[in-house]
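Novice: Can you keep this structure in mind? I'll have questions shortly.
The values are calculated or read from the model by the stated rules, or taken from the named source; none is laboratory data. In this text, all values refer to a predicted model and were calculated from it rather than measured experimentally. Reconstructed Cβ throughout: ideal geometry from the backbone, glycine too, with neighbour counts over all protein chains shown. The protein model used for the area step is the full one, side chains on, heavy atoms only, and it has no ligands, DNA or RNA in it. Shrake-Rupley method; radii C 1.70, N 1.55, O 1.52, S 1.80 Å.
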Amino acid sequence: MTRPWYASFNFVLPFACVLVTLAGLLFIRSATLHDGHEAGREVTRQAIYAVLGIAIMLGFAFLDYHVWQRFAIPIYFVNLALLGFIVVKGHSALGAQRWISLGPLGTFQPSETAKFALAIAIAALLCRGGYGRLTDLWKPLAAIAVPAFLILRQPDLGTTLVLLAMLSAQLFFGLPKLQHYAVYLAGVFAVAGVTVGTNKILKPFQRDRLLVFLNPQADPQGAGYNLNQSKIAVGSGEWFGKGLFHGTQTQLNFVPEHSRDFIFTVVGEETGYIGALVLLALYATIVANGMRSVLLARDRFGLLLGVGLVTMLAFHITINVGMTIGIMPITGIPLPFMSYGGSAILTDYAAIGLLINIAFERDRRVFNEVRERGDARAAV
């Protein structure tokens, strides 16, 4: 007797992701409705990226996640080489150098795939050795320091913070001694204080965004403009919104990058509190089902890998939604499965595929063990 694969497959997780993606296509269309020749181009490209992402998700869902543990080091160094290439010959746009040009296919952003690669690398590192000594921490810290430095140079503070959040979560579950984790946190806060307090690490616009977050009225027409317009857009949606394609802040382009980092403002303005609540419920479903995979993991690598990937998604959602309504600083982090961007949505779906497989492999192994016991009893 063979148990069918669909009996262990978590259908809720990919279904929720696809629903969010379809909503994203709708709101990207609304955000680019009056962009002239660009209107519709972003929707078409995003739809193609979404189909590719879903295919990757399904492929990874049926690929034993232990394969990634075996290839963790090559994956890490390939991504490191891509980040290094960005520094030398990366494609620049909007004051940042973050992309590799692929010609008619668009651009590729290695900092997005770096999240995926580092989740695997840190999980694999923490599975090697007992980490009973504080000095053992240098291994994961060094592994993340180099790509984080290269990403910060692009400059991309948002992705650097994502990597730090992922590392923090994986260390919390991976270190055997809480006092070592406390030392790590103290170091993080010390570095954060130095980073904000000096002019030599962050770019001026990045420091201005942090200062505006602390005092929103400090520069309403400069560094605080995006935040103010975003809050106006979300607030003006009230309960049920102004209707799809009828958001004034959206259609008149008061909010910049509203098909990318600020797409939640389109949701808030055009569908209101109710629409935003439905979207957040879908995201809660994604995170909860991701945590289910973490809890079902049968080994240390699966647990730590799942923790890293769920943290990545949850951090993106929290920071992106928070920055559009003024409770988080603006850092340029995309909203998973919704914001326009091929590299981001492919990475998001790859993460979901791994989370599905972590739970899928556990159920399949449990069933196989039960079946083997039954066969042994029958033979006796």
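Novice: Take the residues of the stretch 334-380 that are aromatic (Phe, Trp, Tyr) and modelled with pLDDT under 90: which is least open to solvent (accessible area, probe 1.4 Å)?
Specialist: Let us first name the residues in the stretch 334-380 that are aromatic (Phe, Trp, Tyr), namely 337, 340, 349, 360, 367.
Then drop every residue that is not modelled with pLDDT under 90, which leaves 360, 367.
Values: Phe360: 8, Phe367: 48 Å².
Taking the candidates together, the pick is Phe360.
Novice: Please tell me if Arg29 is under 30 Å from Val255 (Cβ atoms) and open to solvent by 30 Å² or more (accessible area, probe 1.4 Å).
Specialist: Working: under 30 Å from Val255 (Cβ atoms): yes; open to solvent by 30 Å² or more (accessible area, probe 1.4 Å): yes.
Answer is yes for this residue.
Novice: While we're looking at this one, here's another question. Take the residues in the stretch 249-281 that are among the aliphatic types (A, V, I, L, M) and surrounded by fewer than 19 Cβ atoms within 10 Å (Cβ to Cβ), then tell me which one is farthest from Leu19 (Cα to Cα).
Specialist: So the first thing to find is which residues in the stretch 249-281 are among the aliphatic types (A, V, I, L, M), and the list is 252, 255, 263, 266-267, 274, 276-281.
Now drop any that are not surrounded by fewer than 19 Cβ atoms within 10 Å (Cβ to Cβ), which leaves 252, 274, 277-278, 280-281.
Values: Leu252: 27, Ile274: 16, Leu277: 14, Val278: 11, Leu280: 12, Ala281: 12 Å.
Checked the stretch 249-281; the qualifying residue farthest from Leu19 (Cα to Cα) is Leu252.
Novice: For the stretch 140-197, which positions are modelled with pLDDT under 90, part of a helix (DSSP H, G or I) and open to solvent by less than 20 Å² (accessible area, probe 1.4 Å)?
Specialist: Gly158 - this is the single residue of the stretch 140-197 that is modelled with pLDDT under 90, part of a helix (DSSP H, G or I) and open to solvent by less than 20 Å² (accessible area, probe 1.4 Å).
Novice: If we only count helices (runs of 4 or more DSSP H) wholly inside the stretch 234-333, which ones have 2 or more residues that are acidic (Asp, Glu) and at pLDDT 90 or above?
Specialist: Values: elements: 248-251, 263-296, 300-324.
Because the criterion is at least 2 residues that are acidic (Asp, Glu) and at pLDDT 90 or above, the helices (runs of 4 or more DSSP H) in the stretch 234-333 that meet it are 263-296.
Novice: Next question, about the same structure. In the set Ala93, Ala81, which member is loosely packed, with under 13 Cβ neighbours inside 10 Å, touching a strand residue (DSSP E or B) at 6+ places or on another chain (Cβ under 8 Å) and of a type in the set (A, V, I, L, M)? Walk me through it before giving the result.
Specialist: Working: Ala81 fails: touching a strand residue (DSSP E or B) at 6+ places or on another chain (Cβ under 8 Å).
On inspection, the qualifying residue turns out to be Ala93.
Novice: Okay, next question. Please work out which residue is surrounded by the most Cβ atoms within 10 Å (Cβ to Cβ), limiting yourself to the stretch 96-139 and to residues that are without any contact (Cβ under 8 Å) to a residue 12 or more places away in the chain and either of a type in the set (Ser, Thr, Tyr) or in a helix (DSSP H, G or I) (or both). Break it down stepwise before answering.
Specialist: We begin by selecting, within the stretch 96-139, every residue without any contact (Cβ under 8 Å) to a residue 12 or more places away in the chain; these are 101-105, 128-129, 133, 135-136, 138.
So of that shortlist, the ones also either of a type in the set (Ser, Thr, Tyr) or in a helix (DSSP H, G or I) (or both) come out as 101, 103-105, 135-136, 138.
Values: Ser101: 13, Gly103: 6, Pro104: 4, Leu105: 10, Thr135: 8, Asp136: 17, Trp138: 10.
By that ranking, first place goes to Asp136.
Novice: If you don't mind, another one. Considering Asn10, Asn79, which residue is at pLDDT 80 or above and outside any helix (DSSP H, G or I)? Working first, answer last.
Specialist: On the way: Asn79 fails: outside any helix (DSSP H, G or I).
That would be Asn10, the only listed residue that is at pLDDT 80 or above and outside any helix (DSSP H, G or I).
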